[in-house]
Every structure is written in C-alpha cells, then in structure tokens.
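Encoded as structure tokens, the structure appears first; notes follow it.
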2 protein chains.
Amino acid sequence: MTVTLKDVATLAGVSVKTVSNVVNGYAFVKPENRRRVEEALAATGYRPNVGARNLRRGRTGFLALMVPELSIPYFGELAGLVITAAQKRGWSVLIEQTQGTRSRERETLFSLGPHLVDGALVHPEALEAADFPSPGEIPLVMLGEHAVDVPIDHVAIDNVLAAQTAVSHLASLGRTRIAAIGRNPARGTSSQRLAGYRSGLSAAGLSYSDELVAPAEKWHRSVGAAAMRSLLALPSPPDAVFCFNDLLAIGALRAVAELGLRVPEDVAIVGFDNNEESAFSLPSLTTIAPDKMALAEAAIDLVHRRITGEKTLPAQDIQTPFALEIRESTRG
Amino acid sequence: MTVTLKDVATLAGVSVKTVSNVVNGYAFVKPENRRRVEEALAATGYRPNVGARNLRRGRTGFLALMVPELSIPYFGELAGLVITAAQKRGWSVLIEQTQGTRSRERETLFSLGPHLVDGALVHPEALEAADFPSPGEIPLVMLGEHAVDVPIDHVAIDNVLAAQTAVSHLASLGRTRIAAIGRNPARGTSSQRLAGYRSGLSAAGLSYSDELVAPAEKWHRSVGAAAMRSLLALPSPPDAVFCFNDLLAIGALRAVAELGLRVPEDVAIVGFDNNEESAFSLPSLTTIAPDKMALAEAAIDLVHRRITGEKTLPAQDIQTPFALEIRESTRG
C-alpha cells in the first residue's frame, strides 16, 4: 500500500503543506511540527519519489563535482562544504576524481550532460581551453586557480596575490634566501603560485634563483620532504620556504626536523590551503587560508542562478577572500 | 547533427565494437586503439547517452555513500577509494554527509530508493536497528564498526581486536597507566573500541579505571588536545594513551608538547585509522591501519553481487584486515 503525504499529515496532525515542506527540505517549519512530521514519516514508511519530482521540474537533482583526489585534505574539506551548500538547494552531489591529469579531466567533462546532472563544479589542473565543451549544455563552474581562457563561470581566490603575500611575509622576517616547493609546468595552479612567488621576491628586492625552486609533480607530503632535503643540501641552503600547498609544507617540516634543524629559527615555512591539520602540526603551520565556505557557496549560487534563468548573463569571475594565517612555523 | 558510434569508428579507423568498448570503460582495448578512439571522440564531440544506457539496463548508474563528514581524513580517503572502485563497475557515487547524528542518518537512509540509486554504502555512527528500511528495496552495505543487529551486508575490520592490539602494544612497552580518549556512548564505534581497550588492559593484568577514560563527542583534533590536557592534570597522570582515532591522537601529541613533555618518553600515544598525516607528524604516530582499499573493494563487490542476481544470499559479514603500524610515538 502506498503511503501518501495526506496519510502522514493526518498522523502528524499537521497540514499536507507542512509535510511537503519537511519532505522538500525547506527551512521554514516550526521545530515541533518538523519533529511530529519526521516521526509520522518514520512510522508510516513514506518515501518521496525524488525521481518523479525532479522529472516534473525538468531536473535530475544531481550536481557533479570534479576534483583531483578526495584524499587530499583540501579537496575533502571543499567537497564537504560543496555537498552541504548543494543540499540546501535540494541537490545531491556526484563526485568524480581525475588525479589532475588532462586525459581524465577531459573524459569527465565529456561524460557530463543534461541527462545526468543539472550542473557541474570542476576543479581542473591540466585542462586546456580546447577541452571545454560548447557552452549551453549544462551550467559549468570552474573552481580554483587553474587559468583556462574560456567564457564560463569561475570562482577562486586571487592566487598570485596570495602567493605574493606569503613571500612578502617571509621577507618581512628578514629572510633573504626564500625557496619555493611545488613547481609543475603541467598544472595551472603551480604557474600562478610561481608568478606570485616571483613578484613577492621582486617586491622585497630579492633576486630570483632557479636553484631555489624545487619541482613537485604530486603535491603530497612525501614529495615536500624530498624537495626540502634537496634544498637543504645546496651549498647555500634557503632560510625560508614557501610551499605551494600545506601537504608539501608538512613534508618540509618533517625533513627539517629529521636533519636536526629548527623551524622557524633555521628555516621558516609557509604553506597554502589552511588544511585543518596545519593548526596542529608541531610547529603549527603559517599558511594562506582561502575562505573555502565562501568558495563553495559562491559556486553553488552560480549554478543555481544559471538554472533558474540567468542563462544569458556573461560569464562571471568571482574572487573569494583569503587570509594569511600566521602560526609557529614563521612566528616561532 | 547527432554523432554516432559509427562516425567515431570511421574517423578512428577501428570497429564500432572498439569504440563501444572505450566509451563503456572496458579495460581490454589496445592502448593505440584507445588513443585513436579518444581523439576521434574529442574531434567529433560524441557523447554517450548514459541515462538511456542505464534505463536499458534497469539501473540508475549511481551508488550512494553515506559518511559522517568528508573533512575527516579517514572518510576523505575512504570515499576516494570507494569512488575509484565504483567507477571500475560503471557507477558514479553520490556522497551524503550525516555528521554522525541519528536523525540525519535516518533521513539519508530514508531518502535512498531504487528511483535514485542502485545501491548504497552506509557508514552509520548512531543508527539503531529500527531505523533500517525493510530489506529488498536496494542493496545496502554497512561499513565500519557501528554494531547494528540487522540482516544486511557488513564490511569492517575486527574492531575490538584492533583496539586490544593497540593497548597490548602499549602494555608491552612497560606502560601501566594506559588512558583512552574517545568515549561516546552514542557512537557504536566508540563502544567497540572501548571494549577492546578493556580487554587489552585485562590481558596485560592492568586494572580498568574510569578516570583514565576521556570522553569525546566529536573525534576532532581540538577535542583530543583538550582531553589530553585533562588527563595530564590528574594527580596520577597516564604514561600512555590509546586514542580512538588519529585526529584525537594528533591533538593529544600537540597537548603533550605544549606542556613541555615528551612523546613517547613521558607519554606514549597510539591512534587509529592510519590517516596519511600520521606518517608525517612529529613524532610520527603509531596507529591501527585498516586496509581501506580492501574495505572499499569488498563493499563495492557486495553491491555488485546483489545487483547481478545474488539477492537471496544471506547477509554477509566480511572482515577486512588491519595492521598495527609502529612509529615514533611509541618506538621513540
């Protein structure tokens, strides 16, 4: 026997409209009524037919989120915020992982269409402009700092400025041999952070030296540790390092300690992302803290605007805020 | 103009079957043919109609994964592995976050049905048996150690034994005041780890003391730090701590260092989960390392078996392996 909204309303002693509001996840329901409806829903075993509801609306009810790897804390944290923001608008989120390679990113973009999702949030690392589908298929929002010159919505922090801020902070402490870890020409994010590193050096009157810029294909902790060991083996080692993400920085912290050197006395370290772990490392990590919640909400908001009619609005380029979070790895 | 598989095959100079194999993600395609097909797919702009394909198969093409919080590294890592394992079987994964509360877990379970997903992997923290839907709606696999006595498939490590192993390791180092951090009666995982803690003490001939068991509502780093400070303020503080997850342990490490004490000389610490960060903390963290990939693959395999016909098989209870990963926080 199929349970109807009316059955639930009768049992709960509220209107059908109230039951409908609870089932549809709207916020404006009195807590007491919500509780009674939820109990009645559980008692009757009512199940909304989400598929039918979305069909009526001409929606799938899904958004896609494309990220390199969920096991990278930045993406785990960001995905959690995106899911929460999407849920408020009635969307469930499909997550696709690309490992940051162009071929996987292209495949994923290519697989997304209006039959599958209502829109997609993509965090590319290697895509080029030619890889993007023609506009209009589904609303697409690009997240993060990878620079692709395509007319689609984009939400990110000012990444060059953020990197420059990190380097200026190190220079302000009197450090003169400031290294960088994270160079990878295949990743757009890396190019932007490198540009900010160079302009930070310039602004401080320090010269750029290739030997102080360590490559990192993957931005993982073990890679940061290996890069730091190489830098410390230079005839004239650095007295400070700007790492292009927190994982590289955590690896660098570990490598400095293993060599019996001190952070920040011998080497000051700044990361990027403000992963939760960075407030608890020993020493805690100074880092660029993007406002991840603002980023997630701006992106969901853009998809929602596109779907609800603003299809002809020119592509938006939204900058969300960041801050320099100063902790023990530079302050001591 | 609609591009067909035949158009792609002609351009690539391969058979329609080969194009179909690439589009469907099958593994047995020669690399050279795969490359040619992918180029032809990109050039023609061909898009498979995944929705229609799944309709033919009587599938939605989606699995749901329900976890407390993606920003907790264990769940970020696990979700990444589940997505990878699901993709090999042609599924995309929807992720739902519950914060580990019974009401959100119940709502999520309740919202899942055959109109939405082909199956679901759920990692409950607070659900009770009465919350589970009647079997047969969609294949459901329970992940993790929360003990709910319902006849559905379950994949987990032997959690009591794992906790006991951690405590026995601390006892084997000669520690006699072994504390625990993570008690939370509302979470099944906590009850199991507490049981293992008690049996580990017993096995070592140590007596149980309530004052050495610190509660933790959320298993976050800040909570672990606060709990450690309370334990160290006892008239007779512990010389070792078993933390119910790595985040609590990382917080505990930090609290010990802030008080000027040493790990492991003054306090030895063991965590649980083997988050990637635990190999890089200072000191690195001894921890219980569940085989997360085995867990993800076993769960996806079970859903697949249920969908492809083994509907009448009794509920499976699969134990995946774990290991004690001994690092500096106990070894020095």
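Annotations
- In order along the range A:180-189, phi translates into HN-Hα couplings of 9, 10, x, 5, 7, x, 7, 10, x, 4 Hz, rounded to whole numbers, per the Karplus curve 6.51 cos²θ - 1.76 cosθ + 1.60 with θ = phi - 60° and x for Gly and Pro.
- Distance (nanometres) between label positions extended 7 Å along Cα→Cβ at B:Leu234 and A:Ser236: 5.6 nm
- Neighbourhood net charge (14 Å Cβ-Cβ; Lys/Arg +1, Asp/Glu -1) for B:Val14: +2
- FRET efficiency estimate (nearest 0.05) - Cβ-Cβ, B:Val150 to A:Ala195, R0 56 angstrom: 0.50
- A:Leu173-A:Arg89 FRET efficiency (beta carbon distance; Förster radius 51 Å; 0.05 resolution): 0.70
- Interchain or long-range residues, amide H under 5 Å from B:Val141's placed H: B:Ala120, B:Leu121, B:Val122
- Whole-Hz couplings from phi, Karplus 6.51/-1.76/1.60, listed for the range A:82-94; x for Gly and Pro: 5, 4, 5, 5, 5, 4, 4, 9, x, 9, 9, 10, 8
- Take each residue in A:112-118, count the other chain C-beta atoms within 10 Å of its C-beta, and the mean is 4.
- A:Lys17 paired with A:Leu259, simple spin-label distance in nm, labels 7 Å along Cα-to-beta-carbon: 7.0 nm
- Peptide B:83-94 is shielded by partner chain Cβ atoms: per residue, an average of 3 of them sit within 10 Å of its Cβ.
- Among beta bridges identified by DSSP and lying wholly in chain A, the antiparallel ones come to about 10 percent.
- In plain terms, the residue of A:Thr320, B:Thr286, A:Thr4 with the fewest other Cβ atoms within 10 Å comes first and the most crowded comes last, giving A:Thr4, A:Thr320, B:Thr286.
- Cβ crowding within 10 Å, taken as a proxy for footprinting-reagent exposure, orders A:Trp91, B:Trp219 from fewest neighbours to most as A:Trp91, B:Trp219.
- For the protein assembly as shown: span of alpha carbons on each principal axis (Å, largest first): 65, 63, 52
- Sequence-distant residues sharing a close amide H with B:Arg187 (under 5 Å, placed H): none
- Backbone geometry of the range B:220-236 corresponds, through the Karplus equation with coefficients 6.51, -1.76 and 1.60 at θ = phi - 60°, to 3J(HN,Hα) couplings of 10, 4, 4, 5, x, 5, 5, 5, 5, 4, 4, 5, 6, 8, 5, x, 10 Hz, x marking Gly and Pro.
- For the protein assembly as shown, lysine pairs with C-alpha atoms less than 21 angstrom apart, excluding pairs fewer than eight positions apart on the same chain, total 12.
- Only the Cβ atoms of Lys and Arg (+1) and of Asp and Glu (-1) were treated as charged; on that basis the dipole of chain A about its Cα centre amounts to roughly 1080 debye.
- Gyration tensor (alpha-carbon) shape descriptor, the range B:159-290, a/c threshold 1.5: rounded
- Amide H contacts of B:Ile181 (H built 1.01 Å from N, under 5 Å, at least 5 apart or other chain): B:Ala214, B:Phe242, B:Cys243, B:Phe244
- Computed label-point distance, nm, for sites B:Thr10 and B:Ser222 using a 7 Å Cα→Cβ extension: 6.4 nm
- Number of partner chain Cβ atoms within 10 Å, mean per residue of A:192-199: 0
- Helical content alone sets the calculated 222 nm signal of chain B at -13000 deg cm²/dmol, taking -39,500 (n - 2.57) per DSSP H segment of four or more residues and averaging over every residue.
Rule-based calculations on the coordinates, nothing more; no lab input. A quick note: this is a predicted structure, and the numbers were derived from the prediction, not measured. Using ideal geometry, Cβ is built from the backbone for each residue, glycine included, and neighbour counts are taken over all protein chains shown.
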